[in-house]
Amino acid sequence: MKTTADVIIIGGGIVGCASAYYLKKKGVKDIIVLEGSPSIGHGASSRNGGGVRQSGRDPRELGLAMTAVQKFWPTLSEELGRDVEYTQKGNLRLGKTEAHIKKLTALKESCEAGGLKLDMISGDEVRKIAPCMSEDVIGASFCPTDGHANPLVATLAYYMKDLELGVRFFTEAFVDRLEKVHDKVRKVVLKDGTVFEAGDIILAAGYDSRRIMNSVGLDIPMQKYVDCALVTEMEPEMFPQMLGTAAADFYGHQTRHGSFVFGAESGLEGYIDVADPNDMRVQHPATLGASCRAIESWIPALAKAKIVRSWTGILDLTKDGVCVLGRPKEADGLILACGFNGHGFGTAPAVGYIMAQTVVGEKPITDIEPLRYERFYEI
């Protein structure tokens, strides 16, 4: 088994798979992807709500989100040769109170300062777009260029294309540590003792990135958070938009075949311990009922919808709420792509492209200076 490569990517989620694809497009010949679980996309990449949004973004990552929407998502199915179910019909972020509307207005102004067009619409206008919405909704922000896609299908589309291009994948390759050679991070040591070596190493392993980077003296102030999601049975067509709320108690969309996919907050997620990610196949019973009640309060028409399945996932939450991208100055040879705070799916194509640009020495397609590792330690 050959264990050397030009680039090693740690993490077989959508960021890792997208990075491998764009590296191949840039002419990098030998690429290895190491995934600790038995399957590709096992973590957050296949467990999220599928949002491809720019609205509601922190100004530091807005450019990343806009680049992904403008330059990648509209043609991704054609490029990868597989339908990723991308739908660009907008994003409604709903509000029920004046405090909600005030918050949404502030988000609108922040996004517009970064060049993104949003509208504030009334509750009646919301119900013209989506008649099933509760009469309690008094307004919303609407971003017409937002949308959604299928997370699992999109991740696997990159993966299948990577295989066609000759990227080598290793599953159940649990990384124990990184090691330096002559002051450069070059080696990846697995739990079973297998050693891989490359000129550049991209670390895109979600929350586990923190443990791995600790082995070469780096640390990101980041915490693990359990998030919950569910999917309903097929329902009549109601609306094609991505949904969110000012209260941040749920988000989701209706898929092409009629099911709804929702993520929801119950307020209890921070108190749930999940020792083994393989045990996250069902949502915690303490949160499922609360999630359903939250969804029903916004969309009463779903009150009797049946839950087909539910699940949980791990978010990698950084101290300041945005991701970490690029080469840390203290660890030559290492490139970081982690800390996506539960909303990295929509930006993943742009992030993967930037990872490839970073390896080959190109200027990033959008500014990532505010997302650098060193920001946490500057006074």
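The values are calculated or read from the model by the stated rules, or taken from the named source; none is laboratory data. Since this is a predicted model, take the numbers as computed values, not measurements. FYI the Cβ positions are ideal-geometry reconstructions off the backbone, even for glycines, and counts take in every protein chain you see. To get the accessible areas, we keep the full protein, side chains included, count just its heavy atoms, and leave off ligands, DNA and RNA. Shrake-Rupley method; radii C 1.70, N 1.55, O 1.52, S 1.80 Å.
Considering only residues that are open to solvent by 30 Å² or more (accessible area, probe 1.4 Å), modelled with pLDDT of 95 or more and of a type outside the set (Ser, Thr, Tyr), which ones fall in region 1-29? If the condition is that a residue be open to solvent by 30 Å² or more (accessible area, probe 1.4 Å), modelled with pLDDT of 95 or more and of a type outside the set (Ser, Thr, Tyr), then Asp6, Lys24, Lys25, Lys26, Gly27, Lys29 are the ones that fit. The set of residues from region 227-241 being part of a strand (DSSP E or B) and open to solvent by 10 Å² or more (accessible area, probe 1.4 Å) comprises Asp227, Val231. Contact map, region 199-210: first residue under 14 Å from Asp176 (Cα atoms) and open to solvent by less than 20 Å² (accessible area, probe 1.4 Å), second residue modelled with pLDDT of 95 or more and among the small types (Gly, Ala, Ser), Cβ cut-off under 6 Å, separation 6 or more or different chains; pairs are Leu203/Ser209. Inside region 30-46, residues that are of a type in the set (Ser, Thr, Tyr) and buried (at least 24 other Cβ atoms within 10 Å of the Cβ) make up a count of 1. Criterion first (over 30 Å from Lys103 (Cα atoms) and among the aliphatic types (A, V, I, L, M)) does Val126 satisfy it? Answer is no for this residue. Here is the figure for region 47-81: residues that are of a type in the set (Gly, Ala, Ser), within 18 Å of Thr366 (Cβ to Cβ) and open to solvent by less than 10 Å² (accessible area, probe 1.4 Å) total 3.
Within region 153-170, residues that are more than 21 Å from Ala198 (Cα to Cα) have Cβ atoms under 8 Å from residues that are small (Gly, Ala, Ser) and modelled with pLDDT under 95 in these pairs: Thr155/Gly41; Thr155/Ser45; Thr155/Ser46; Leu156/Gly41, counting only partners at least 6 apart in sequence or on another chain.
Only one of the listed residues (Leu163, Leu218, Leu156) is modelled with pLDDT of 95 or more, closer than 23 Å to Gly333 by Cα and surrounded by fewer than 24 Cβ atoms within 10 Å (Cβ to Cβ). That residue is Leu218. With respect to Gly217, determine if the residue is more than 30 Å from Leu104 (Cβ to Cβ), in a strand (DSSP E or B), among the small types (Gly, Ala, Ser) and more than 23 Å from the chain's Cα centre (by Cα). Answer is no for this residue. Reported count of residues in region 242-253, each being assigned to a strand (DSSP E or B) and open to solvent by 40 Å² or more (accessible area, probe 1.4 Å), is 1. Criterion applied to Val137, Val84 was being touching a residue at least 60 places away in the same chain (Cβ under 8 Å), more than 15 Å from Ala246 (Cα to Cα) and crowded, with 21+ Cβ neighbours inside 10 Å, and the one residue passing it is Val84. Can Thr366 be described as in contact (Cβ under 8 Å) with a residue 24 or more places away in the chain, of a type in the set (Ser, Thr, Tyr) and not in a helix (DSSP H, G or I)? Here the answer is yes, as Thr366 does meet what is asked.
Restricting attention to region 317-349, the residues that are surrounded by 22 or more Cβ atoms within 10 Å (Cβ to Cβ), touching a helix residue (DSSP H, G or I) at 6+ places or on another chain (Cβ under 7 Å) and assigned to a strand (DSSP E or B) add up to 6.
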